[in-house]
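Peer 1: Pasting a structure here, questions to come.
The values are calculated or read from the model by the stated rules, or taken from the named source; none is laboratory data. Just so you know, these numbers come straight off a predicted model, no measurement behind them. Glycine also receives a Cβ, built like all others from the backbone with ideal geometry; neighbour counts cover every protein chain displayed. Ligands, DNA and RNA are stripped out before the accessible areas are found, and what is left, the full protein with its side chains, is counted by its heavy atoms. Shrake-Rupley method; radii C 1.70, N 1.55, O 1.52, S 1.80 Å.
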Amino acid sequence: MEPIDVAVIGGGQSGLATAHMLLRYGLRPVVLEASGDTAGSWPHYYDSLTLFSPARYSSLPGMPFPGADRDRFPHRDEVVAYLTAYADRLDADIRTGQRVTSVRRDGSAFEVALEGGGRLTARAVVAASGTFGRPHRPALPGLQEFTGRMLHAADYRGPSPFAGRRVVVVGAGNSAVQIAAELANTAHVTLATRGPVKFAAQRILGRDLHFWTARTGLDIAPLGRLLPRPPAQPVLDDGRYRAALAARQPDRRPLFTGSDGTKLIWPDGQREEVDAIVLATGYRPDLPYLADLGDALDSERNPRHREGLATSVPGLAFVGLEWQRSLSSNSLRGVGRDAERIARHLAASLARR
């Protein structure tokens with residue numbers, strides 16, 4: 001069984017940032033990525049996805065996001081290329097096509113089992129596998145009875161399959177509004193939400209919002225420990241999405257109350273034929289490989305941690321969780337700060353052993 005310092009599970013933005021910081025603290029990580037590339041979930045997002053933060057605020061540690069226009073909003077393929085280049089420059093042992101199936105205690109170390117039968121022994125483990133593999137599908141009224149097409153935003157790529165169709169997008173976040181507005185160009189679309197969509201201006205006093213969150217310290221404030229659950233974040237808007245909703249392209253309605261075959265039932269009692277429902281309802285931490293590791297996960301399969309450090313499993317840490325420590329924890333601009341804290345802690349802990 002191969003012995004290593006730290007097993008980093010996940011080779012996307014969180015795993016790469018963690019590997020960078022572990023190397024800086026003198027540890028030799030092995031990054032285990034289930035897919036065949038080092039861009040994490042980014043290649044699988046919908047085609048038109050763009051970052052909600054400008055390029056100047058969208059970098060991992062040690063490598064600025066490329067391009068002359070630092071104020072542009074990079075699109076999905078730019079992020080994929082950036083992460084691939086970042087991995088190529090990283091002097092780390094990155095192994096793609098290595099899906100971790102379980103992590104167990106083996107004395108003072110961890111036994112990491114891989115699909116196909118491979119095994120490693122690690123002195124510490126960092127779970128950085130993100131959330132894309134676990135789309136959240138809430139128990140909404142009528143979903144189980146709906147017989148039309150239903151998909152999660154994780155499976156949405158673009159509007160062409162829905163041209164001329166009646167589509168309902170569920171959700172009130174950035175992705176929900178962006179997908180609904182895109183679909184509304186070719187389909188009859190409703191954005192169904194529990195309450196009004198909350199917006200935040202993309203620019204304030206001539207500066208991007210991220211300039212102000214960085215300048216005021218809000219971006220790095222350790223608020224995660226104070227929050228029982230991550231709060232819903234407003235939709236960042238330069239005016240186009242407010243205008244689209246005002247023009248009813250898409251229209252917004254309260255959440256449906258049930259369904260009857262391919263018909264949705266709205267709160268006013270109206271029954272309407274619907275071709276497809278797109279659930280833009282977010283994700284949850286994707287950590288099935290920790291199921292046998294004591295109390296690492298709670299009853300809802302979410303990690304038990306304090307600012308990324310497992311509360312009941314010494315030597316286990318997390319990077320890339322939403323609100324792990326701050327507003328920016330689960331983002332290109334913020335994950336490096338959390339990775340640095342975790343790497344510093346693990347280096348000190350392993351040195352004491």
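Peer 1: Return the residue satisfying two criteria in turn: it lies in region 231-248 and is under 27 Å from the mean Cα position of the chain (by Cα) and open to solvent by 70 Å² or more (accessible area, probe 1.4 Å), and of such residues it is nearest to residue 138 (Cα to Cα).
Peer 2: Among them, the one singled out is 232.
Peer 1: Any idea which residue in region 162-178 is surrounded by the fewest Cβ atoms within 10 Å (Cβ to Cβ), counting only those that are more than 20 Å from residue 143 (Cα to Cα) and not small (Gly, Ala, Ser)?
Peer 2: Residue satisfying both the conditions and the ranking: 174.
Peer 1: Mind checking which residues of region 110-119 are open to solvent by less than 40 Å² (accessible area, probe 1.4 Å) and at pLDDT below 95?
Peer 2: Scanning region 110-119 gives a single hit, 118.
Rundown of residues vs (1) surrounded by 15 or more Cβ atoms within 10 Å (Cβ to Cβ); (2) touching a Ser or Thr at 6+ places or on another chain (Cβ under 9 Å); (3) at pLDDT 95 or above, yes/no style:
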site: 217; (1), (2), (3): no, no, no
site: 223; (1), (2), (3): no, yes, no
site: 226; (1), (2), (3): no, no, no
site: 258; (1), (2), (3): yes, no, yes
site: 261; (1), (2), (3): no, yes, yes
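Peer 1: Let me ask another. From 40, 15, grab the single residue that is under 22 Å from residue 103 (Cα atoms), part of a loop (DSSP other than H, G, I, E, B) and either among the charged types (D, E, K, R) or under 21 Å from the mean Cα position of the chain (by Cα) (or both).
Peer 2: Of the residues listed, the single one that is under 22 Å from residue 103 (Cα atoms), part of a loop (DSSP other than H, G, I, E, B) and either among the charged types (D, E, K, R) or under 21 Å from the mean Cα position of the chain (by Cα) (or both) is 40.
Peer 1: Of the residues 338, 292, 268, which is buried (at least 19 other Cβ atoms within 10 Å of the Cβ) and of a type in the set (D, E, K, R)? Step through it out loud before you land on a result.
Peer 2: Details: 292 fails: buried (at least 19 other Cβ atoms within 10 Å of the Cβ); 268 fails: buried (at least 19 other Cβ atoms within 10 Å of the Cβ).
Of 338, 292, 268, the one residue that is buried (at least 19 other Cβ atoms within 10 Å of the Cβ) and of a type in the set (D, E, K, R) is 338.
Peer 1: Another one. For region 40-60, how many residues are open to solvent by less than 40 Å² (accessible area, probe 1.4 Å) and touching a residue at least 24 places away in the same chain (Cβ under 8 Å)?
Peer 2: 11
Peer 1: Now a separate question. Within region 87-100, count every residue that is within 12 Å of residue 37 (Cα to Cα) and in a helix (DSSP H, G or I).
Peer 2: The qualifying residues number 2.
Peer 1: Within region 212-224, is there a residue that is without any contact (Cβ under 8 Å) to a residue 24 or more places away in the chain, closer than 19 Å to residue 73 by Cα and aliphatic (A, V, I, L, M)?
Peer 2: No, there is no match, as no residue in region 212-224 is without any contact (Cβ under 8 Å) to a residue 24 or more places away in the chain, closer than 19 Å to residue 73 by Cα and aliphatic (A, V, I, L, M).
Peer 1: Just name the residue that is modelled with the lowest pLDDT out of those in region 306-353 that are of a type in the set (Lys, Arg) and part of a loop (DSSP other than H, G, I, E, B).
Peer 2: Filtering region 306-353 for residues that are of a type in the set (Lys, Arg) and part of a loop (DSSP other than H, G, I, E, B), the one modelled with the lowest pLDDT comes out as 353.
Peer 1: Return the pairs, sorted by first residue and then second, in which the second residue is open to solvent by 10 Å² or more (accessible area, probe 1.4 Å), the first residue lies in region 311-339 and is of a type in the set (Asp, Glu), the beta carbons are less than 6 Å apart, and the residues are 6+ apart or on different chains.
Peer 2: Filtered contacts from region 311-339: 322/230; 322/330; 338/325.
Peer 1: While we're here: Pull out all pairs, ordered by first then second residue, where Cβ-Cβ is under 8 Å, the residues are six or more apart or on different chains, the first lies in region 157-183 and is assigned to a strand (DSSP E or B), and the second is open to solvent by 10 Å² or more (accessible area, probe 1.4 Å) and among the hydrophobic types (A, V, I, L, M, F, W, C).
Peer 2: Close Cβ pairs (under 8 Å, with a partner that is open to solvent by 10 Å² or more (accessible area, probe 1.4 Å) and among the hydrophobic types (A, V, I, L, M, F, W, C)) amount to 166/187; 167/187; 169/280; 170/140; 170/255; 170/280.
Peer 1: Anything in region 61-83 that is open to solvent by less than 50 Å² (accessible area, probe 1.4 Å), under 23 Å from residue 175 (Cα atoms) and either touching a Ser or Thr at 6+ places or on another chain (Cβ under 7 Å) or part of a loop (DSSP other than H, G, I, E, B) (or both)? List them, or say none.
Peer 2: 65, 74, 83
Peer 1: Anything in region 291-307 that is under 21 Å from residue 12 (Cβ atoms) and out of contact with any Ser or Thr (no Cβ under 8 Å at 6 or more places or on another chain)? List them, or say none.
Peer 2: If the condition is that a residue be under 21 Å from residue 12 (Cβ atoms) and out of contact with any Ser or Thr (no Cβ under 8 Å at 6 or more places or on another chain), then 297, 301, 302, 303, 307 are the ones that fit.
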